Every structure is written in structure tokens, then in C-alpha cells.
């Protein structure tokens, strides 16, 4: 089944068309990554799916048009992990993860035993149980990232939107987080729609890549189809070599000293 | 200082409030006795025979208890409203007067003192006028802040509050300059006071306080959600604008009612919630109920000090809350360096 379908999605911000007629489908259980240079509209496209920015066109989730959904219904289908989550002061990791249950509760409602069980499970899956009573603002960057992922898991939405999930992490933690997301995707049958900065990692983890430039979809397909020297040079303005590393997919390496003048 | 079980803070704060209420009822020129006070209070509540003599019973029931109860209602309301404002605006310096409630109430009170001098500080006109002034100021600030667009978020509301407060303060100063003879009267009102005439003031504020406490406590979980920012809260399915409006309306009406009966008591709305944050954590699930209870106890104790240190004269309670509150807060701040 198609989990997410974007139909001529366009977003105008400050008079500029940031996302321009984007059409894409993401199948259930699939991991699709949006790639593209800075300002290509990747994050804005994710925010549109999460209903955080007005748009033209349509977003369908499991066949339902999001325009006819309430905020709460939408939040039960998509969980967003922002690039830089706002970390509130003075609350514990568990209290933070508990916020993920919000779309399942009434306006004045409190959490039931099932809600607390979902939180405990998310804490276990992200290996945060020993941090549950720690204050969130005392955790390291990587641990906070896991806490935000745990909050998204507790939200129990079938679609996970990840905005640059590895932006502030070192290479080991990047790998750890992406492996974790991939195993959660497999074990929970989640659909992942993410933006990715690192092209090599994007090619390694996503099933398909969508390359955006100036808001338009310019290439889509497997890493082999999209991570080509020509496409990357044309849209990122970078000189790269793409190496086929057996067992690791395609490695995108910047090449020095060949950049054209003025580029 | 952080208790092993955060829930223990609730009974601890209730004990604190009970001690404050009892102290408030006992302290005064006439000795009543703790047992008699408790016994007589229950007797009045349940319509039984009071153990106290007629005169002493009147001191308790007509003088001390109304004042103690008023202090508890005002303190709980200001502390809860302060905590709620800090939550919806994600601004640690927010207090119940943030959106111009104080300036509006001040203008209302000054107008009454200047143009209806007969009614003075004890009449019915002053509370009504202060209440209306606070309401008008907050509605004006809210409308102005919203006109900047929802995208501008809480910062626009705070700026609008500052704008409206300056404007109303300017008006108030102007009116006061035209009627210099009212300066002392207005000034004493601005510093806050818990003077009561029987149960009248309690009757004025009680319905607003009760409604506001219920509404604010009902939003304690959503205030935690708002702590992750408007955008993430929206992604969690929350209608942020509506939550903010409900909380601001409830907190403002209660603040206006508190100001109407007790003037401008400063600092309670900041010091009480922040002390609780430092010792019991920042989650509003615990912070809001604790603010109500501890804020009530704090103001009752402050009033005991206000009416005893210079007895028979009284200090303005706003002076006491700041004079004793600030050093206490400094100690809490100092000893709380990162424990978790």
C-alpha cells in the first residue's frame, strides 16, 4: 500500500516558491530520502507533510487526504523528528518521551496504562531506560537525538519523518542512529521519509532517493541512478567522484582542485 | 533537595499551606489558641457551636480567617497564573502582569481614586474598575499581538504586552499628576494589601480563582507539550493557538480578580513557580498544582510578616514578598546548581 503520496505539492514562503510541484510516492515499509543542495526545499517538503506549513497540491497518507484530517488525526499518522529539536529545561527523559502520546489523548485527558507501556517500550528500544529519570538537558547530543526518536516512536505513527537525523553527530553515532532507524523500520513496519545531507549515508540506508533542486524533483531512483557524478556536479555545483564500494554501496567523495572558477 | 518520589512534594506542600493557614489564624494581638481556632473554624463551617467567646469568635471569623483565606486565594492564583504564563510564553521572566494586567488595573484604580474620591479604597467601585482595567489592557495586548500574525508567536504577544503596559502606565501617571492628592492612596494600593472587610473580598475572588485553577490544572499536560515549541507541539497534534488563548484567558481573569481585591502584589508569580522548578523539576504536571498550594501558603506567611513586624502598623505585602522572597530565591538558586 502507498503510505505517502505527494501530488503536485508546492509551498511558497516569503514570496518564493520553495517546493515546486513535487510529486512522489512512498510505499509502506519503504525508506525514501530527500537529497539536494541547501535551500532545495527538502525540509519544507517534510514540514508540509507534517501539516506545519500551508501548501498547494495534495498530501495523501494511506489514501486519506490530509486536508480533511484534524491536527490530531495527522499526528497519529506521521511523527516528525526535527533537525534541531527544542529541548525543554527541567524535565526528565521519560516526561519528554511521554509527550509523544499527545495525539492519542483527549484535550483534558491523562495517560492510561497503555500509554505508559508504549513509553516504556520506546525507552527500551532506544536503550534509554537507564536515562529515564535523568534530566533531558543533561544528556549529550547523541543521547538527546535518541530521546527525540523515542518520543516519535511513542507517538506510534506508521510514518516517520526525519529531518537530517544525523546532522550534529559524529560518524559512529550517525551510523548507530541510522542502523537503529532501519531496524525499527523493519521490526515495526514503519515507513521512513527523511532528508539527508550525507549522500553516501543516504545511498546506504534509503531504498530510493529523490533529488531536489530549487524546489523541483530533478532525479529519483536507486542510489545507482541518482548518485552519479553528472547529477551531483550539476545540482550541488561540486566536483565529486562516485566510487562503487562493494558491500557499502556508492561512496561520494569530493575531489579537490577541480572546481571551476566562480562555481 | 530533589525528593526520590516527586509525588511527595504534593503532601509536603499541603503541610506547608496548613501551617501557613494556622499561623495566619493564630498570630495577632489577641491569643486564641490553636485547638480553639481549629475547633471554631469547623464549627462555623458545619454550623455548630463555637468554643470561643463572642468577641474572640468575631476576631477569628470576621477578621483573621477572611484575611488568611484571601491571602491563600490570591497567592495560589498569582503563582499558578505566573507558572501558566511562563509556560505558554516559554519565557522564564513572564509574570501574571506580563500582558498589561497591572498597568490596566493601576489605571482603573487611579481613575476611581481621582474622579470618584468619595468611594476611596474601600468602596465597590475600585475592585470593579481595577478588574475592568486589567481586562481591557490584556485584551488590547492580545489583539495587538495576534495582529502580527500567528507566525510571530509568543514573542509578538510579549512585545504587545510591553507596549500596552507602557501606554496605560503613561495614562495612569498623567491622571495621577492631575490629582496629586490621590498619590498616597493610589501608591498604597499599587504596593498591594490584604485588607478585608469580612468575607466580601473572598466572595469577589473565590469564583474566579476556583474556575482559573481548574482550567489551568486541566492544561498542565498540554503546557508540557508547549515546552517543545509551537512547531513541535503542532506536529504532536496540539492546536497551539487555542491552548495559549484558553490559558491566557483563565490566568488573566484570575489575575484581574486578584488585583481587584489586593492590589499589585509583586514577585509571587515569579518566585513561587521558579522555586518549585528548581526543587521539584520543570514538568507542569507537578509544577501547576504545587504552585497553587505553595503560592497560597507563601502569601499567607508573607501577610503574617506584613502585619506583625511593625505592629500595629502594617507593611505593604508587596514589600514583604520582595524583601523576603528575593533572598530566599537567591539561596535556592545558589544551592540548586545542576543536581540531576
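A few comments on the model shown:
- Test: residue in the stretch A:29-45 that is in contact (Cβ under 8 Å) with a residue 60 or more places away in the chain and within 10 Å of another protein chain (Cβ to nearest Cβ): no
- Across the stretch B:219-238, the number of residues qualifying as in contact with a helix residue (DSSP H, G or I) (Cβ under 6 Å, 6 or more places away or on another chain), in a loop (DSSP other than H, G, I, E, B) and within 7 Å of chain A (Cβ to nearest Cβ) comes to 3.
- With respect to the conditions (1) away from chain B (no Cβ under 14 Å); (2) under 24 Å from residue A:203 (Cα atoms), residue A:84 lacks only one, and its number is (1).
- Every listed requirement among (1) touching a helix residue (DSSP H, G or I) at 6+ places or on another chain (Cβ under 7 Å); (2) assigned to a loop (DSSP other than H, G, I, E, B); (3) away from chain B (no Cβ under 14 Å) is met by residue A:157 save one, (3).
- Within the stretch A:29-49, being closer than 14 Å to residue A:235 by Cα and assigned to a loop (DSSP other than H, G, I, E, B) holds for A:36, A:37, A:38, A:39, A:40, A:41.
- Which numbered condition residue A:243 fails, given (1) assigned to a strand (DSSP E or B); (2) out of contact with any helix residue (DSSP H, G or I) (no Cβ under 7 Å at 6 or more places or on another chain); (3) surrounded by 14 or more Cβ atoms within 10 Å (Cβ to Cβ): (3)
- Residue match in the stretch A:101-111 (condition: modelled with pLDDT under 95, exposed (fewer than 14 other Cβ atoms within 10 Å of the Cβ), part of a helix (DSSP H, G or I) and over 24 Å from the mean Cα position of the chain (by Cα)): no
- Filtered by the rule that a residue be farther than 30 Å from residue A:55 by Cβ and modelled with pLDDT under 95, the stretch A:67-93 gives A:89, A:90, A:91, A:92.
- Test: residue in the stretch A:207-223 that is surrounded by 15 or more Cβ atoms within 10 Å (Cβ to Cβ), assigned to a helix (DSSP H, G or I) and not assigned by TED's automatic domain parsing to the domain that holds residue A:148: yes
- Some residue of the stretch B:155-163 being within 14 Å of another protein chain (Cβ to nearest Cβ), more than 25 Å from residue B:317 (Cα to Cα), modelled with pLDDT of 90 or more and over 16 Å from the mean Cα position of the chain (by Cα): no
- Note on the stretch A:122-139: among residues that are more than 10 Å from chain B (Cβ to nearest Cβ) and assigned to a helix (DSSP H, G or I), the one that is surrounded by the fewest Cβ atoms within 10 Å (Cβ to Cβ) is A:130.
- Positions within the stretch B:252-269 being within 30 Å of residue A:138 (Cβ to Cβ) and either more than 10 Å from the chain's Cα centre (by Cα) or buried (at least 24 other Cβ atoms within 10 Å of the Cβ) (or both), in sequence order: B:268, B:269
- Subset tally (residues that are over 23 Å from residue A:213 (Cβ atoms), within 13 Å of another protein chain (Cβ to nearest Cβ) and not in a helix (DSSP H, G or I)) for the stretch A:50-77: 3
- Total residues in the stretch B:305-321, condition surrounded by fewer than 20 Cβ atoms within 10 Å (Cβ to Cβ), under 18 Å from the mean Cα position of the chain (by Cα) and in contact (Cβ under 8 Å) with a residue 24 or more places away in the chain: 1
- The selection criterion, being surrounded by 18 or more Cβ atoms within 10 Å (Cβ to Cβ) and modelled with pLDDT of 95 or more, does not hold for residue A:184.
- Taken as a whole, the structure places residue B:187 among residues that are without any contact (Cβ under 8 Å) to a residue 12 or more places away in the chain and under 24 Å from residue B:103 (Cα atoms).
Yes or no, residue by residue, for (1) under 25 Å from residue A:85 (Cα atoms); (2) within 16 Å of the chain's Cα centre (by Cα):
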| position | (1), (2) |
| --- | --- |
| A:158 | yes, yes |
| A:172 | yes, no |
| A:189 | yes, yes |
| A:197 | yes, yes |
| A:215 | yes, no |
| A:221 | no, no |
| A:228 | no, no |
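The values are calculated or read from the model by the stated rules, or taken from the named source; none is laboratory data. In this text, all values refer to a predicted model and were calculated from it rather than measured experimentally. Using ideal geometry, Cβ is built from the backbone for each residue, glycine included, and neighbour counts are taken over all protein chains shown.
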